[in-house]
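Trainee: Please see the structure below; I have some questions.
The values are calculated or read from the model by the stated rules, or taken from the named source; none is laboratory data. Since the model is a prediction, treat every value here as computed from it, not as a measurement. Neighbour counts are summed over all protein chains in view; Cβ atoms, including those assigned to glycine, are modelled from backbone coordinates with ideal geometry.
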Amino acid sequence: MNNYIVTNLPEVAAIILFGIGFSNLLLARNLIKKIIGLNIMDTAIYLFLAAKGYVDNAVAPIVPPGAVDPDLYVNPVPSGLVLTGIVVSVSVTAVLLALTVRLYEEFNTLDIDEIVHQLRVKDKEAIR
Amino acid sequence: MSLLYNVPAFSILLPMLAGVICLVLPARASRRLTNAVIIVLALLSFLLLNSFLDGAPTFTYRMGHYGAPVGNEIRAGELESAMAMMFLVVMMLSLMGGRNHLRSDIGRSKVNLYYISVLFLLSSMLALTYTNDLFTAYVFVEINTVTACGIIISKEDGYTLAASMRYLIMSLLGSGLFLIGICLVYGLTGHLLMPNIQEAVNQLVRNGHFQAPLQVTIALFAVGLALKSALWPFHSWLPDAHSSASAASSAILSGLVLKSFIFLMIKIFFRTVGPDVMTGHAILNLLLVFGILGMLLGSVNALFEKDIKRMLAFSSVSQIGYIFCGIGLGTIAGVSAALVQVVVHAVTKAMLFIAAGGLMDASDGKKDFNALQGSGKRDVVAGAAFVVGTMSMIGLPFFAGFITKLTLVTAAAGAHDWRAYLSLTAIVLSTILTAIYYIRILSLIFGKNGSEDQDGEVRSRRFLSAHFRRHLSMDTEYILAILAFIGINLWIGLRSDVLVDIINVGLSTFQ
């Protein structure tokens, strides 16, 4: 069991980080903390992917023309996925931050529970 | 055929291109461009579907002509082209029907931004329908999430801001789980293309290797996509998001966005993991139970709602439950029933949201039940749409909902074990609950005008004259959209064999 963890150390770390980020995104009340949680979660996935593509003592897959031994190079596909994932994560974070700014202007708080509470109060007043 | 071969790739790229162009166009031109794009693509999809029905073989389209293990592929068949056509038609009618709300809710200067969101949303939904590659699916899932949030938030008030924040957070949790699922699959099989994964997964199962990670992966896909398609315990974001948005947005969100994720889930279960592994899999039982709970509890929640759009949103939760009940049966008949329900619910719920917008217009823009009393008489078209919608939701013959109930009950009865008893009981109970809350709203909107009886008469006349004089062209579009929705609903109800045939043929060539 111990050996198992040591040989898969990056993956184990990635899953633990994923759990931290996921629970932060789900449970934190502060919107900024939620966004940080999202970023931890995404970064954990990139760590997982990068670990999957890593080959010991291999170099970056910039291949000269002609026949080559694939064992000399790391797997380029996960790196490509990580790059795409980073782009997606950046744009989603930007949307979330813009939304947070607007919510703060509107409600003067970053606490999502407080915002929902304020809306409920407003609803009740509207009915009355 | 050779030209039609390019239709799937074209339908993904054209809306994206048009979306970029909309950035520099004024409001009116961007609306026309959007409509033109949707009409062209709907025609092309129709031709594609027709060619498949005439016996053309299904095909995979290699993007950039790279071959199987590394390239990116698009796959088209009867099912995909039919889904694409359904997305396009409902999108078109929703935009038409909600057009007069768009102007009042968004403001002229930002209408082109709304159409950018719509076009990118359309592109992502078509991509989710056609793609044959899991990572492409992930990228388009994220585009879908952000643009869906964009069309909610375009009506800028406190409600939509908070609702879209909650929607984004829940959606991102879902896509996080989906992405780690893709990473695990890549680690297990070394592939990202669906047929290659299926081959590798079948080999893994035969050899008995890596069973635990495989099960975890399937569970991650199921939970991730269930979060995004609002399966019952994960539905908490849906009522706020769908009820606070503008009428066209609500129709698109409830009718289409949820369905694109459900179609992706069906694709992953029965095309990527493969029917050999999925048939009788434990996760399907879980989906069945949650689907049944959603059918019942969504209806119960809708029963206590005093706000028409929230009631429709909870009704969506219940109807999504029917879809998951079909998937959860785990048989081909069950999946076929689920797909029928995908189409029927898209058509019906989009119509009801557009009609709800019309009823709100006829009641000074209020959406609680007190204000809506008698509104069906003030806006007769919306009233008619609610009558048809109610009949369809309850499942009376000659309406689209009947076909769903028929195929689902047949599929459930074919399961021959506890699943059959459970789902049949749930369908009956849920139908009764649905009938109660829809008939209640019918009696409300066709009832008398409540406390302001005389006022109502005046307002009704004022409403009609205002509509027919000032917004004549806008109103014709709204009326045409509702009539088209009613027509489609009746057509599905009367000529159900066409739809069911397409879905069954599509499923037989799906693997």
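Trainee: Answer yes if at least one residue in region B:482-498 is among the aliphatic types (A, V, I, L, M), at pLDDT 85 or above, part of a helix (DSSP H, G or I) and in contact with a Leu (Cβ under 7 Å, 6 or more places away or on another chain), and no otherwise.
Mentor: Yes, region B:482-498 contains at least one residue that is among the aliphatic types (A, V, I, L, M), at pLDDT 85 or above, part of a helix (DSSP H, G or I) and in contact with a Leu (Cβ under 7 Å, 6 or more places away or on another chain).
Trainee: Out of the residues in region B:137-168 that are of a type in the set (Ser, Thr, Tyr) and facing chain A (nearest Cβ under 7 Å), state the one that is surrounded by the fewest Cβ atoms within 10 Å (Cβ to Cβ).
Mentor: In this case the residue turns out to be B:Tyr159.
Let's see how each residue does on (1) closer than 20 Å to B:Ser443 by Cα; (2) part of a helix (DSSP H, G or I); (3) within 14 Å of chain A (Cβ to nearest Cβ):
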residue	(1), (2), (3)
B:Tyr322	no, yes, no
B:Leu339	no, yes, no
B:Ala346	no, yes, no
B:Ala355	yes, yes, no
B:Ser363	yes, no, no
B:Lys366	yes, no, yes
B:Asn370	yes, yes, yes
B:Phe386	yes, yes, no
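Trainee: Restricting to region B:11-55, what's the tally of residues that are in a helix (DSSP H, G or I) and either farther than 14 Å from B:Ser81 by Cβ or over 22 Å from the mean Cα position of the chain (by Cα) (or both)?
Mentor: Here the count works out to 29.
Trainee: Given the options B:Gly208, B:Gly187, name the one that is surrounded by fewer than 24 Cβ atoms within 10 Å (Cβ to Cβ), away from chain A (no Cβ under 13 Å) and more than 27 Å from B:Thr147 (Cα to Cα).
Mentor: Being surrounded by fewer than 24 Cβ atoms within 10 Å (Cβ to Cβ), away from chain A (no Cβ under 13 Å) and more than 27 Å from B:Thr147 (Cα to Cα) holds for just one of B:Gly208, B:Gly187, which is B:Gly208.
Trainee: Taking region A:102-128 as the search range and keeping residues that are part of a helix (DSSP H, G or I) and loosely packed, with under 11 Cβ neighbours inside 10 Å, which one is nearest to the other protein chains (Cβ to nearest Cβ)?
Mentor: A:Ile127
Trainee: When you scan region A:1-68 for helices (runs of 4 or more DSSP H) that lie fully inside it, which ones turn up with 3 or more residues that are modelled with pLDDT of 85 or more and farther than 28 Å from B:Leu168 by Cβ?
Mentor: Ranges flagged: A:9-27.
Trainee: For region B:56-100, what are the residues that are hydroxyl-bearing (Ser, Thr, Tyr) and under 20 Å from the mean Cα position of the chain (by Cα)?
Mentor: B:Ser81, B:Ser94
Trainee: Looking at region A:1-26 only, could you name the residues that are away from chain B (no Cβ under 13 Å) and among the small types (Gly, Ala, Ser)?
Mentor: Selection gives A:Ala13 alone.
Residue-wise test of (1) within 16 Å of the chain's Cα centre (by Cα); (2) buried (at least 24 other Cβ atoms within 10 Å of the Cβ).
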| residue | (1), (2) |
| --- | --- |
| B:Leu293 | no, no |
| B:Leu297 | no, no |
| B:Ala302 | no, yes |
| B:Glu305 | no, no |
| B:Ile308 | no, yes |
| B:Leu312 | yes, yes |
| B:Ser315 | yes, yes |
| B:Ser318 | yes, yes |
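Trainee: Among the candidates B:Tyr186, B:Tyr114, single out the residue that is in a helix (DSSP H, G or I) and closer than 27 Å to B:Gly19 by Cα.
Mentor: Sole residue among the options that is in a helix (DSSP H, G or I) and closer than 27 Å to B:Gly19 by Cα: B:Tyr114.
Trainee: Which residue out of A:Tyr4, A:Tyr73, A:Tyr54 is among the aromatic types (Phe, Trp, Tyr) and either within 16 Å of the chain's Cα centre (by Cα) or surrounded by 14 or more Cβ atoms within 10 Å (Cβ to Cβ) (or both)?
Mentor: When all the criteria are applied, what remains is A:Tyr73.
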